[in-house]
1. So, by mean Cβ neighbours within 10 angstrom, what's the order for 94-104, 56-66 with the highest one leading?
2. Just for the Cα atoms in segment 5-121, what are the lengths along the principal axes, largest first, rounded to whole Å?
3. Straight distance only, please: which lysines reach the Cα of K58 with their own Cα at less than 30 Å, same-chain residues fewer than 8 apart left out?
Amino acid sequence: MTTKYPLRTKRKAETRKKIVGAAQEIFYRKGYDDTTLEEIAEAAGVHVQTLYRHFANKQELASSGDTSWLERFRESINDRDRSGNTFEFWRNWLRFSLGRLTSDGGEPYRRYITSASCQSAYPG
């Protein structure tokens with residue numbers, strides 16, 4: 001007898017990834033305050049109720065984008081097949097990340113990280 005749970009887990013992860021990707025793109029383009037969860041759900045191709053099954057609120061969704069970058073970094077730096085030393089890896093990671101964030105001059109990203117609502121999503 002085969003189980004459907006691994007497939008369900010994979011689909012949930014894919015849906016979550018789509019939602020986070022759509023959220024990052026819209027938050028970046030429009031800013032945190034001007035973005036609605038309905039817009040994010042539509043862009044991800046899911047119903048807003050599906051979005052709420054994955055994220056309790058907008059702040060949790062906003063912080064998940066940073067979490068996904070951290071996880072990507074963790075996987076990359078721990079990859080035993082990566083070339084170069086840790087310093088080279090770190091330098092290349094920073095170049096890649098900063099290049100992505102500033103490819104359009106960086107103004108949308110600056111607006112996003114300086115918005116009051118975004119700052120409240122990241123206590124510190």
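1. 56-66, 94-104
2. 45, 42, 23
3. K10, K12, K17, K18, K30
Read the figures in this text as sums done on the coordinates, not as results from a lab. Just so it is clear, the model here is predicted, and its values are computed rather than measured. Don't worry about glycine lacking a Cβ; one is built from the backbone with ideal geometry, like all the others, and counts go over all protein chains shown.
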